[in-house]
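Written below as structure tokens is the structure these notes are about.
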Amino acid sequence: MSVSRRGFLGFTAAALAPIHQAATREAPEPGAPGPEADRPQDVGPRAHGPDGADGPDGADGADGADPEAHSRPTAGGRAGDRTLYLGTYGDSIGIATYDDDGKITSTGSIAGIPNASFVIRAGNFLYAVNEQDAGAVTAIDISGTPRVLNRQPTKGSGPCHLAKIGDYLLSANYGSGDIAVHPIVADGSLGQQTDLVKHEGPAPHAHQIVLAGQYVLGVDLGTDSIYTYTLADGKLALQHQTKVKTGAGPRHLVFHPSGNYAYVADELDSTVTICGYDDGVLTALESIPVGEGENYPGEVAISADGRFVYVTNRGHNSVAIFRTDGPHLELIGIPNCGGDWPRHCAFDPAGRLLFVANQKSNNITTFLVDQTTGGLTKTADFTTPTPVCVNV
């Protein structure tokens, strides 16, 4: 049976349990878990954006660095670069720029890239998922006029998230519940797949990949688990599996800058799970609601100083703001997101601005971040078709 991520939430969580969902994944509709692709992003101390790149030049590997140093996507490593790459459901990636106040201006698009619902940047290259039943990943050279280098099949369905880890690109196949590994060639193109690891369970739905030091973490909504792998010679080896609360539906996680804690946005039960972290092992400590009602949390992001955590609430059309205290979170505000179905969010490199992609209202809202209180003030609004990922 093929169920698109876009219509996934139209079912109930119970009904979805036995279904292996194929692509394309789209934002959940109220009433059931959704396989969305905004599952932005590395987590960890640098997890500000949705790009999942390893560092300024995108060349870092799983070298034992602290988990946070890789859990927050970077902005491509170009100081002063104010280019945004917008992941969408359609046939192109949007390109835009922004000013000091976060006002966004379109500058074009990259055509011929179907359902690029998640996009990461690594230096002069972009990598995008093609969230379809026959999933694929696309490599794009952006050193000059953007041009597609090549496309490789993931051999799974509904890829929704990416991470560049060393010289490999890893993709999470939501529909088929597995992780694909592709080598990155010297010219930035993608080689043939070297591994495909299936998550075990009645309805696996891989949703995010995060580099945490020497480990690779795979977040799976369907098995309520976070898997810890090592990556060597293009092959993944399972080291540990952490279970969160049954039915939580973990979607994305982000690390505290200390590397001792991770905060997991749970799409299906509208909570955030706080986990302790030590040497590749996550331990679930506590789950707290992101607000009232069914919210289908989309993205989770953390301020560079680790004081505030932000979670987009699609059901409530808001952004939940939490003050951090190591193993605890305190909800301090739930401002309106400025649109409908806030799927993804990302900070600018300075942490002054937060961009929120509102999928159903076709707009991106910019907020000024009060770095003392954590509060958000809307400064701009940009209209664009089905924005589901903002790569800063």
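The values are calculated or read from the model by the stated rules, or taken from the named source; none is laboratory data. Just so it is clear, the structure is predicted and the values come from calculations on it, not from any experiment. Cβ placement follows ideal geometry from the backbone for every residue including glycine, while neighbour counts extend to all protein chains displayed. For the accessible areas, the whole protein counts, side chains as well, though only heavy atoms, and no ligand, DNA or RNA atoms are used. Shrake-Rupley method; radii C 1.70, N 1.55, O 1.52, S 1.80 Å.
Quick notes on this one:
- Segment Thr105-Gln239, length gained on full extension (0.36 nm per residue, minus Cα span): 43.7 nm
- As an equivalent ellipsoid, the range 225-364 spans semi-axes of 25, 16, 16 angstrom, where each value is the square root of five times an eigenvalue of the C-alpha gyration tensor, largest first.
- Counted charge near Thr372, where neighbours are those whose Cβ lies closer than 13 Å (Asp, Glu -1; Lys, Arg +1): +1
- Taken over the Cα atoms of the range 129-239, the convex hull encloses 91 Å³ per residue.
- Taking 18 Å as the limit for the C-alpha separation, the pairs Lys164/Lys360; Lys198/Lys243; Lys164/Lys245; Lys164/Lys235 exceed it in the case of Lys164/Lys360; Lys164/Lys245.
- Solvent-accessible heavy-atom area per residue, rounded to whole Å², over the range 233-368 at 1.4 Å: 33
- From most to least packed by mean Cβ count within 10 Å, the peptides 158-166, 295-303, 107-115, 198-206 give 158-166, 295-303, 198-206, 107-115.
- Rounded percent of accessible protein surface that carbon and sulfur make up, the range 281-358, 1.4 Å probe: 49
- Solvent-free Debye scattering, log10 I(q)/I(0), computed from the Cα coordinates of the range 130-174 at q = 0.32 Å⁻¹: -1.09
- Per residue, the range 108-150 exposes 29 Å² of accessible surface when a 1.4 Å probe is rolled over the protein heavy atoms with every protein chain present.
- Cut-off 10 Å between beta-carbons: net charge of the residues surrounding Ile226, Lys and Arg +1, Asp and Glu -1: -1
- Of all accessible heavy-atom area on the range 170-266, the percent that carbon and sulfur account for (1.4 Å): 49
- With a simple spin-label model that places each label point 7 Å from the Cα along the Cα-to-Cβ direction, the separation between Asp325 and Asp133 comes to 5.1 nm.
- The range 193-248 and the range 116-163: distance between their alpha carbon centers, rounded to Å: 20
- The order of the peptides 252-258, 372-378 by mean Cβ neighbours within 10 Å, most packed first, is 252-258, 372-378.
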